[in-house]
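One structure is given here, and the rest of the page talks about it.
The values are calculated or read from the model by the stated rules, or taken from the named source; none is laboratory data. Since we're looking at a predicted model, the values are computed, not measured. Here Cβ is always computed from backbone atoms with ideal geometry, including for glycine, and neighbour counts include all displayed protein chains. The accessibility values were calculated without ligands, DNA or RNA, using every heavy atom of the protein model including side chains. Shrake-Rupley method; radii C 1.70, N 1.55, O 1.52, S 1.80 Å.
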Amino acid sequence: ISNCVINGVTGSGNEYDKSVIYAGNAVFTDLTIENCFISAGRSGIWLQSDNNNYSTGTRINNNSFSDQYYDAIYLRYHNAPRVDSNSINNSTGNYYYGIYLRDCSNDLTVLKNTVNSTHRDGGIILYTCSGTTSNRGLVANNFVDIGGSSYAYGLYVYNSDYQRIYNNSVRITS
């Protein structure tokens, strides 16, 4: 998917009926989403594979996201996904996550992304993402700016082994 403008429906809803780009329990090889402008929707990109058969070669690069309700990018069960140079801006949802990787494995990369949200919650989340000694994940050179009036976190890493976290800038004003 390349060089497109995709406008979603505003609102919370379920991931399967209001996400702009959605695939549940689908396995991909070498899926690339690049140079797109994605606005509104529950999620901008919501891709969940099968926990017994991970997607491989997923690339989400150089996209602009605006005003999703829950998350701009959500990936689950992907082997070594790459999320690079995306611009994410949110001013709508109260429970918002810019980049959310869950149960992703091996040398995942999250590089050079910008996440701005005027509401609480999180910028970049790694949730149970595990690498190995020879296939470590990398989260580097990202900028996260979170506002709001409640709790917030720029980078949240939970139960994720063998991840390298370098040179990220985080600003929280809530």
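If the condition is being in a loop (DSSP other than H, G, I, E, B), in contact with an Asp or Glu (Cβ under 9 Å, 6 or more places away or on another chain) and either more than 16 Å from Asp145 (Cβ to Cβ) or open to solvent by less than 40 Å² (accessible area, probe 1.4 Å) (or both), then region 93-129 contributes Gly93, Asn94, Tyr95, Asn113, Thr128, Cys129.
Selection within region 49-68: residues that are open to solvent by 30 Å² or more (accessible area, probe 1.4 Å) and under 19 Å from Tyr97 (Cβ atoms). The member of this set that is nearest to the chain's Cα centre (by Cα) is Ser64. The set of residues in region 74-92 being open to solvent by 50 Å² or more (accessible area, probe 1.4 Å), without any contact (Cβ under 8 Å) to a residue 40 or more places away in the chain and among the hydroxyl-bearing types (Ser, Thr, Tyr) consists of Ser91 alone.
Residues in region 153-174 that are small (Gly, Ala, Ser) and under 19 Å from Ser87 (Cα atoms): Gly154, Ser169. Within region 45-73, being touching a residue at least 40 places away in the same chain (Cβ under 8 Å) and part of a strand (DSSP E or B) holds for one residue alone: Ala72. Among the residues of region 90-134, those identified as closer than 20 Å to Asn79 by Cα and aliphatic (A, V, I, L, M) are Ile99, Leu101, Leu108, Val110, Leu111, Ile124, Ile125, Leu126.
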